[in-house]
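Below: the structure, in structure tokens.
The values are calculated or read from the model by the stated rules, or taken from the named source; none is laboratory data. All values derive from a computational prediction rather than experimental measurement. Cβ sites come from the backbone with ideal geometry, for glycine too, and all protein chains shown count toward neighbours. Just the protein is used for accessible areas: all its heavy atoms, side chains included, with ligands, DNA and RNA removed. Shrake-Rupley method; radii C 1.70, N 1.55, O 1.52, S 1.80 Å.
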Amino acid sequence: MNDTDILAELADILAAPEPLTPETPLEPPLTWDSMALLAYLAFLRFRFNKLLPGVSCKDFRTVADLLAHTHV
Amino acid sequence: MNQTFHGLRLEAVSCVVPDYRTTIEDYAARFGKDIAERYSKVVGIQQTFNAKPGTKVTDLVRMAADPLLEEHRAEIDVLLHVTQTPHLDAPPESCLLQRYLGLGEHVIALDINQGCAGFMVALQTAAHFLLHPSVRHVLICGGDVLSNRVDENDHATAFMFSDVGFAALVGRGDDDWAFANGTAGSEAISLPHDGTFKMDGTDVFNFTVSKVPEQILSLRTPEVDCLLLHQSNAFIMRQIGRLCGFAPEQVPMNIADYGNASSASIPLLLCDLAQNHGWRGKRTAILSGYGCGLTWVSARIPLDFDSTHFSFSIYVT
């Protein structure tokens, strides 16, 4: 899965009205709340077989923070 | 630990639900339409049923258990009461229920405080008791009144719980029940004394998509045709079903109609399927309860929707 595909999936999770870039902040008009976090965790689990323990919404500030966990 | 018990039968299950509803529209009015739409899509709850203030779990249990006891009252040797919201710290509500339900003084009465896994913990405990020939029937009962123990300003938990009472009668028969259980010493889900329900969503999610599917798969055999999960969250249940290789139609949900009924969730699903969704005949199911503790208990159980008596009623508050 390349970054373009990942950004498309994240755009869906974040209900983004426009295409995302890594610099896009996780703030309105994006939806970044406990439910979006749940969807993001599921995305990591099923696409990358990765569990991310002990995180909360405030641990992520931009799309780049979300992308980071898809590369580790 | 995996254990198989022989010669058991689920004889009857009964549930009672109060008639006072809170709806997703009520939730939207409080937290906004956008959050409500997302909550509805992810968590899947459209309405919950709430007991009126002052209702005790024992009130719910009495209504649920009475229909089951008409024929078997004198044959109950063990009473397992599952709740995390007793109205007193002591005495145990199971002791009070011995009297309320008119059971004999010889009854072994125990409270089980295991939250959403509680019914499954009790089912496994009942199977253990029935290993002894002196035990004829085990009555499992319980429920929770949790709708008044949530933070009304927390959109993640304010609209989650229904207050449901249940009773189930377990006796001897021809069925084999296979169990797997686990617990992990976590406070990720907690109900502080005199406080409100708290949940660490990340830890709970990671738990439910790792430990729970692993356990379910350890019990899966070719004859298993449905997965009956604790109704926690539609999104999470879909992930568990997917990880375990079940088709969506094999993982029935009623969280939209009843929310999360805590320890009563699986009994409520069984009664709802039988009474409101036309389930008939024999099925081999895996039942799985998971929740605070973190505790997870699953069982592979043959179900007979024709011979087991399932009863579901809504009572006027």
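Some points to look at:
- Tally of residues being away from chain B (no Cβ under 14 Å) and either touching a Phe, Trp or Tyr at 6+ places or on another chain (Cβ under 9 Å) or open to solvent by less than 40 Å² (accessible area, probe 1.4 Å) (or both) across segment A:26-44: 1
- Contact map, segment B:254-273: residues that are in the same structural domain as B:R238 (by TED's automatic domain parsing) and more than 11 Å from B:F161 (Cβ to Cβ) paired with residues that are open to solvent by 10 Å² or more (accessible area, probe 1.4 Å) and of a type in the set (F, W, Y), Cβ distance under 7 Å, separation 6+ or inter-chain. Pairs shown: B:L268/B:Y258; B:L270/B:F310; B:C271/B:F310; B:C271/B:F312; B:D272/B:F312; B:L273/B:W279.
- Of the strands (runs of 3 or more DSSP E) lying entirely inside segment B:162-232, those carrying at least 1 residues that are within 14 Å of another protein chain (Cβ to nearest Cβ) are B:175-186.
- Subset tally (residues that are in contact with a Leu (Cβ under 7 Å, 6 or more places away or on another chain), within 14 Å of another protein chain (Cβ to nearest Cβ) and of a type in the set (D, E, K, R)) for segment A:45-68: 2
- All positions within segment A:17-45 that are touching a residue at least 24 places away in the same chain (Cβ under 8 Å) and acidic (D, E): A:E23, A:D33
- Residues of segment B:25-54 that are surrounded by fewer than 21 Cβ atoms within 10 Å (Cβ to Cβ), away from chain A (no Cβ under 14 Å) and in contact (Cβ under 8 Å) with a residue 40 or more places away in the chain: B:D26, B:R30, B:Q46, B:Q47, B:K52, B:P53.
- Residue match in segment B:125-146 (condition: under 25 Å from B:G54 (Cβ atoms), open to solvent by 10 Å² or more (accessible area, probe 1.4 Å) and not assigned by TED's automatic domain parsing to the domain that holds B:V212): yes
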